[in-house]
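Only one structure is covered here, and it is reproduced in the block below.
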Amino acid sequence: MLFACVGSGCDTVGPGDDPSLPAGPAVIASVGGNAEGLWRFDLETLEPTSVVETDRTPIGVTASPDHEHWYTAWGTGSALDGDTRKVLAILEPASGRITKRTSTPGSFRGRAPILYEPVNDQLVVFDLDGTAQFFDAATLELAHELPVGEVEGAAVAHTGEKIYIGVSTASGPRVRVYDPTEADIVNTISLPDNLGLSDVALSPDERYLFATTWSSLGPPGRFYMVDMKSSEVLFTGPVGSYAELAVTPDGRHVFIDCPAGGMLGHVPTNQVLRFDTQARELGVFIEGGEALGLGYEGLVADKITMLPGGEAFAIRNPSPARIRLDGGEQAIPALIKVDTETAEVLATYTPERDEEGYVKSYILHLGTATAPDL
């Protein structure tokens, strides 16, 4: 089912309405609550323009190179009953409908994404048991499985020739390099310190690997820049726990959100950092929520994604979903678009609340995707 959202509300698309997703790039978010599914937000205004409904909250979205097919996935069942399953689905943005789906036993690894691997035209997902699973993107049939470990982040090279899989091990964070032509792990990059891994990203030329880690003891986390030819760590610096990465299309800057909290209750840094890859300098780009007009100092930006042109990034602010507003209190934006040069807020999205002051639908995962012209 497709929904069309205008302003702060969502209405079901009725007979005769065009169910196709608007053409062009957009911010795509996985949303839970009253309207679970993939929400499309306008790239300029962050106004929600459409929602593709799913059975449960999706783990994210990925797309084929021609953008004609999008892919998403979500989990169903109950772990208590031992009947959890992973659902994979093909979405055609031209029609706005999910055209095919399949399910397989198991559970998704919490922070791991869904990826598209173009060499073999396969979807890659990660099971809670530490297995990477590869599905045919046309039939959604399981092609093969590969043990990789506790995956926390992964990235596909821009050429599609490698997949970089970040895992946490007893010996510290590792990045497994998967070669689609070999269908196997061909290299492992070790990061120093006995830390858990948070996220991985690549420079556009695939010369450098960027990674963040977290620790339950001492400093919250670290940021790493690694030379892909030598596997040498070229730079390391402190960041918040569970930090995620967004790289500009020219490779000049890496933006790092610095959340905290989670199960271990780290204190938030209230910052977004920017790393200059040429000068190899790490500095504060946003200091506190007041800089973004949130009306309070705290800033827990726990998702970040670069917009296609590189002129801005979007960050998720989870606070609205955690705070009940009563009376005349200021509404809090859940999605914020920020200029990559000036840190100016260019647009925001503030979720609708019910009569009791609770958010109706909340953003969980964040990314971008493009719908082709009809």
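The values are calculated or read from the model by the stated rules, or taken from the named source; none is laboratory data. As the structure is a prediction and not an experimental result, all values here were calculated from the model. So basically every Cβ, Gly included, is an ideal-geometry build from the backbone, and we count neighbours across all protein chains shown. The protein model used for the area step is the full one, side chains on, heavy atoms only, and it has no ligands, DNA or RNA in it. Shrake-Rupley method; radii C 1.70, N 1.55, O 1.52, S 1.80 Å.
Tallying residues that are more than 20 Å from the chain's Cα centre (by Cα) and under 23 Å from T159 (Cα atoms) within the range 209-224 yields 0. Identify, please: which residue in the range 63-77 is part of a loop (DSSP other than H, G, I, E, B) and open to solvent by 30 Å² or more (accessible area, probe 1.4 Å) and is, among those, farthest from N120 (Cα to Cα)? Only one residue fits best here, namely G77.
What about I332, is it modelled with pLDDT under 95, in contact with a helix residue (DSSP H, G or I) (Cβ under 8 Å, 6 or more places away or on another chain) and more than 29 Å from R222 (Cβ to Cβ)? In short, yes. Check whether at least one residue in the range 49-60 is hydrophobic (A, V, I, L, M, F, W, C) and part of a strand (DSSP E or B), and report yes or no. Yes, because at least one residue in the range 49-60 is hydrophobic (A, V, I, L, M, F, W, C) and part of a strand (DSSP E or B). Look at D136 and say whether it is touching a Ser or Thr at 6+ places or on another chain (Cβ under 9 Å) and open to solvent by 20 Å² or more (accessible area, probe 1.4 Å). It is false that D136 is touching a Ser or Thr at 6+ places or on another chain (Cβ under 9 Å) and open to solvent by 20 Å² or more (accessible area, probe 1.4 Å). If the condition is being open to solvent by 30 Å² or more (accessible area, probe 1.4 Å), in contact (Cβ under 8 Å) with a residue 60 or more places away in the chain and part of a loop (DSSP other than H, G, I, E, B), then the range 350-371 contributes T350, E352, K360. Of note, G251 satisfies the criterion of being small (G, A, S), open to solvent by less than 20 Å² (accessible area, probe 1.4 Å), under 13 Å from Y208 (Cα atoms) and modelled with pLDDT of 85 or more.
Of the residues making up the range 226-258, those that are more than 22 Å from D302 (Cβ to Cβ), of a type in the set (A, V, I, L, M, F, W, C) and out of contact with any Pro (no Cβ under 8 Å at 6 or more places or on another chain) are V226, M228, L234, F235. Taking the numbered list (1) surrounded by fewer than 16 Cβ atoms within 10 Å (Cβ to Cβ); (2) at pLDDT 90 or above in turn, L217 passes all entries but (2). I'd like to verify a number: residues in the range 78-125 that are open to solvent by 70 Å² or more (accessible area, probe 1.4 Å), under 23 Å from the mean Cα position of the chain (by Cα) and free of Cβ contacts under 8 Å to residues at least 40 places away in the same chain, how many? The total comes to 2. Screening the candidates D184, D193, D205 for the property of being out of contact with any Cys (no Cβ under 8 Å at 6 or more places or on another chain) and either open to solvent by less than 10 Å² (accessible area, probe 1.4 Å) or closer than 21 Å to R109 by Cα (or both) yields one hit, D184.
Just for the range 300-322: of the residues that are at pLDDT 80 or above and part of a loop (DSSP other than H, G, I, E, B), which one is nearest to the chain's Cα centre (by Cα)? In this case the residue turns out to be D302.
Which of the residues that make up the range 139-160 are assigned to a strand (DSSP E or B), over 17 Å from G106 (Cβ atoms) and open to solvent by less than 10 Å² (accessible area, probe 1.4 Å)? Of everything in the range 139-160, just one residue is assigned to a strand (DSSP E or B), over 17 Å from G106 (Cβ atoms) and open to solvent by less than 10 Å² (accessible area, probe 1.4 Å), namely G153. Give the number of residues within the range 311-328 that are in contact with a Ser or Thr (Cβ under 7 Å, 6 or more places away or on another chain), under 16 Å from I28 (Cα atoms) and either without any contact (Cβ under 8 Å) to a residue 60 or more places away in the chain or surrounded by fewer than 19 Cβ atoms within 10 Å (Cβ to Cβ) (or both). Total satisfying the criteria: 1. Scanning the range 19-62 for residues that are among the hydrophobic types (A, V, I, L, M, F, W, C) and open to solvent by 20 Å² or more (accessible area, probe 1.4 Å) yields A23, L43, I59, V61. Of all positions in the range 287-294, none carries a residue that is within 21 Å of the chain's Cα centre (by Cα), at pLDDT 80 or above and part of a strand (DSSP E or B). The requirement of being aliphatic (A, V, I, L, M) and either part of a helix (DSSP H, G or I) or free of Cβ contacts under 8 Å to residues at least 12 places away in the same chain (or both) is not satisfied by A347.
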